[in-house]
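Structure first, commentary second.
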Amino acid sequence: MAKTSLLKRQAEIYLRIAHRQLGMAEALLERRLYPDLPFSTEFAALLAELYPKRERSLYADIEYGKIADPTLEYSRQDAEETLARTQEMVGQIESLLRGHR
């Protein structure tokens, strides 16, 4: 398959994902349920760290003329550590929400 064809397919997929995420962002903005809920810098830092990893683990990408395989990017240990950190953060957020009612 030609590189331009791969790039076109990749661009179409990314555009579809962008539209979906834009729709979710608009819905969240309109229906913000917890406007005064504290969002700690710890949560923000963790999200800033994990988001690029999430993207690379979900989507194949073209790098240097080859498709990067996301299943080869991270080890099982990487996944376990990320899962544990995410579970901890979700638990903290749930506690905040329970106390906010």
Checklist entry - Stretch Leu83-Glu26 to full length: gain in nm at 0.36 nm per residue minus the Cα-Cα span? => result 17.8 nm
Checklist entry - Using a simple spin-label model with points 7 Å from Cα along the Cα→Cβ vector, what separation in nm is obtained for Ile17 and Glu49? => result 2.2 nm
Checklist entry - Amide H of Asp61: which non-local residues (sequence gap of 5 or more, or other chain) have their own amide H closer than 5 Å, using H built in the peptide plane? => result Ala68
Checklist outcome for this item: Length gained if Ser75 through Gln10 is fully extended, taking 0.36 nm per residue and subtracting the Cα-Cα distance, is 20.9 nm
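Coordinate-derived values only; no laboratory data. Just so you know, these numbers come straight off a predicted model, no measurement behind them. Quick reminder, even Gly has a Cβ in these numbers, built from the backbone with ideal geometry, and neighbours come from all protein chains shown.
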